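One structure below.
The values are calculated or read from the model by the stated rules, or taken from the named source; none is laboratory data. All figures in this text were calculated on a predicted structure; none of them were measured in a lab. Because the Cβ atoms are built from the backbone with ideal geometry, glycine has one as well, and the counts that use them run over all protein chains shown. Surface areas here come from the heavy atoms of the whole protein model, side chains and all, with no ligands, DNA or RNA. Shrake-Rupley method; radii C 1.70, N 1.55, O 1.52, S 1.80 Å.
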Amino acid sequence: MEKNLIIHSTSAEIQIALLENKKLVELHEQKRETNFSVGDIFLAKVKMLRPGLNAAFMDIGSRSDAFLHYTDLGPQINSLIKYTNAVKNKQQNTASLKDFKLLPDNEKNGKISKVFTRNQYCLVQILKEPISTKGPRLSCEITIPGRYVVLAPFGNLVSVSKKIGDEEERKRLKRLIESIKPPNFSVIIRTAATGKKVADLYEEVKTLEKKWVDIFNELTGASTPVKLLSEQDKTISVIRDMLTDDFNSVVLDHEPDYKALKAYLQTIAPDKVRIVKLHKGSTSVFKQHGIANQLTSSFSKNPTLPSGAYLVIEKTEAMHVIDVNSGPRAQKQDQENAALKVNVETAEEIARQLRLRDIGGLIIIDFIDMRNPANKNTLFKAMREYMANDRAQHTVLPLSKFGLMQITRQRVKPAIEKDTSDVCPVCDGSGKVNATSLIVDDIANNLEYILASRPKASLLLKVHPYVAAFLKKGLPSPQMRWYFKHQRWVRIEADEKTYINSFKFFDKLGDEIRIS
């Protein structure tokens, strides 16, 4: 599969588009002044405890208080609180956890009031960005991600990505990491670590360990809610999480970002520096790669497929609802096979739309009804296959007896919404136009004004064909009545390019007569 990453930068935001076989499948956007991103680590203060929700509202300096549920505390919360207090009180003089005594794991079904007290400080990490009026969602399971591994303090586990299927490779990586990981740190081995040498893994572990030292240094003496570690630049973080050996190119149109990315890749993947390219020229990088047109067609309310089938995507407060329609060009074959063909085709598009719009939470899909259980199972397997490339955690359920499919997808930020419609130039977005009789009155008033200043003018009136027919209809027609009143014949020309509620007067030289 051909993969390309196209990055468009402005002074206000960064847009990152992922193309698979030249088809837009993911879009990431970030305002440059954004203060809260998933992965940022803060020193937070407990502002309110809500025993009924078994949660706490934390002050991290955001407009809305951040939300921390008991289930997001993690088993090592007691050790995290102990470490936070020890550093703040200068009882912990080193970032190393070698001599730090870990406390027993937290209860799975405990009460948050037994863990926190009001105004207490604790290290937290943003799990979800602010959505609508809700503040960020937090986690106390601190992780420091790299390209090959993820470092997590206050543990001693080594786990391997499930996507690494080779058992021998899994054992090799686990053995290597156990020999180089720092004491009292857990490590998650990512898929990108496959085939990497111990030197590559050791270098990254040391880099991540240095970030933990930076957190320690920032935490020392900190007394107010403050950011201790910021997630890397959006471009860098996306590259870190997405870049694989099958990428063909990464194209940027902003030279400082281009240089920064090349420098970053030089340290983590020198063999990939060659695929990074700087876009030059007057044509937008998105337009050059066909992304601009794909954005317009993909973000419409009713995305249409080449076969004529189309989707209707609606958002509610609690979920997204997608309706599948066969369209006007449905093939003339038996209904069951036609329904299966359309459903499988639209399933691929739905999987792309979920990734592209970053739709999270509960998604309900109303496919075209099928009676054959085997066809229903075929559709279910196809949807799971199409969703396999989605990096967000998700669950796909089989069709219910009502023909509905339910999908849950991880939501860490608001869904991307783009208004691809234009305001109607005829009705100005109202959905209504003035009655033809009112337009005729406007024309008559303008005609009277023009003839008052140009009594001998030879006039041509251009109007929409419907209006032209109305003006010439009847005995006497409006055109004749103007002649009887002003003793001037006004020629009327039907013009399909003229909007139905618009009109233009021209003199005998063909110049438009404008009335200010």
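Over the chain, dividing the summed -39,500 (n - 2.57) contributions of all DSSP H runs of at least 4 residues by the number of residues returns a 222 nm mean residue ellipticity of -9500 deg cm²/dmol.
At the residue level, LYS111 shows approximately 120 square angstrom of accessible surface with a 1.4 angstrom probe and all protein chains present.
For the range 249-347, the percent of C-alpha pairs falling in each 10 Å distance bin, counted from 0 to the bin holding the largest distance, reads 13, 26, 20, 21, 17, 4. The candidates TRP489, TRP482, arranged from most to least accessible area with a 1.4 Å probe in the full protein assembly, appear as TRP489, TRP482. The portion of the accessible surface of the chain made up by carbon and sulfur, rounded to a whole percent, is 49 (1.4 Å probe; DNA, RNA and ligands excluded).
Which whole-number percent is the relative contact order of the range 243-394 (Cα, under 8 Å, 6+ apart)?
On the way: 159 pairs, mean separation 24.8, N = 152.
Once normalised by length, the contact order is 16 percent.
Could you tell me which of the pairs LYS174/LYS376; LYS211/LYS262; LYS82/LYS259; LYS162/LYS381; LYS171/LYS227 are separated by over 31 angstrom between their Cα atoms in the structure shown?
On the way: LYS174/LYS376 41 Å; LYS211/LYS262 21 Å; LYS82/LYS259 41 Å; LYS162/LYS381 20 Å; LYS171/LYS227 37 Å.
Listed pairs above 31 Å: LYS174/LYS376; LYS82/LYS259; LYS171/LYS227.
Here the range 1-153 is treated as an ellipsoid with the same Cα gyration tensor; its semi-axes, largest first and in whole Å, are 34, 20, 15.
As a size descriptor, the averaged projected area of the C-alpha convex hull of the chain was calculated at 35.7 nm².
Taking the Cα atoms only, what angle lies between the long axis of helix 335-357 and the longest principal axis of the chain, rounded to 10 degrees? Computed tilt is about 70 degrees.
Over the range 86-184, the fraction of Cα-Cα pairs per 5 Å bin, rounded to whole percents and listed from the shortest bin up, is 2, 8, 13, 18, 19, 16, 12, 7, 4, 1. The orientation-averaged projected area of the convex hull spanned by the Cα atoms of the range 317-399 comes to 5.9 nm².
Express as a percent, rounded to the nearest 5, the fraction of DSSP beta bridges in the chain (both residues included) that run antiparallel.
Numbers: 65 of 86 bridges.
Bridges in the chain are about 75 percent antiparallel.
Per residue, the average separation of C-alpha pairs within less than 8 Å and at least 6 apart gives the range 159-202 a relative contact order of 49 percent. Rolling a 1.4 Å probe over the protein heavy atoms leaves TYR310 with an accessible area of roughly 70 Å².
With the charge dipole of the range 1-154 set up from +1 on Lys and Arg Cβ and -1 on Asp and Glu Cβ about the Cα centre, the Cα lying farthest toward the positive end among the listed residues SER37, VAL150, PHE67 is that of PHE67.
When only Cα pairs below 8 angstrom with a gap of at least 6 residues are kept, the chain shows a relative contact order of 12 percent. Each residue of the range 176-188 is assigned a 3J(HN,Hα), and the resulting list reads 5, 5, 4, 7, 10, 6, x, x, 6, 10, 8, 9, 9 Hz, derived from the Karplus form 6.51 cos²θ - 1.76 cosθ + 1.60 (θ = phi - 60°), x at Gly and Pro.
Taking square-rooted eigenvalues a ≥ b ≥ c of the alpha carbon gyration tensor, is the range 1-62 rounded, prolate or oblate, where a/c under 1.5 means rounded and, failing that, a/b exceeding b/c means prolate? Don't jump to the answer; show the numbers that get you there.
On the way: a/c = 4.55, a/b = 2.28, b/c = 2.00.
Prolate, because a/c is 1.5 or more and a/b exceeds b/c.
For VAL149, the amide hydrogen comes within under 5 Å of the amide hydrogens of ARG190, counting only partners 5 or more places away or on other chains and with H modelled in the peptide plane.
Taking all protein chains as shown and a probe of 1.4 angstrom, SER297 keeps an accessible surface of around 70 Å².
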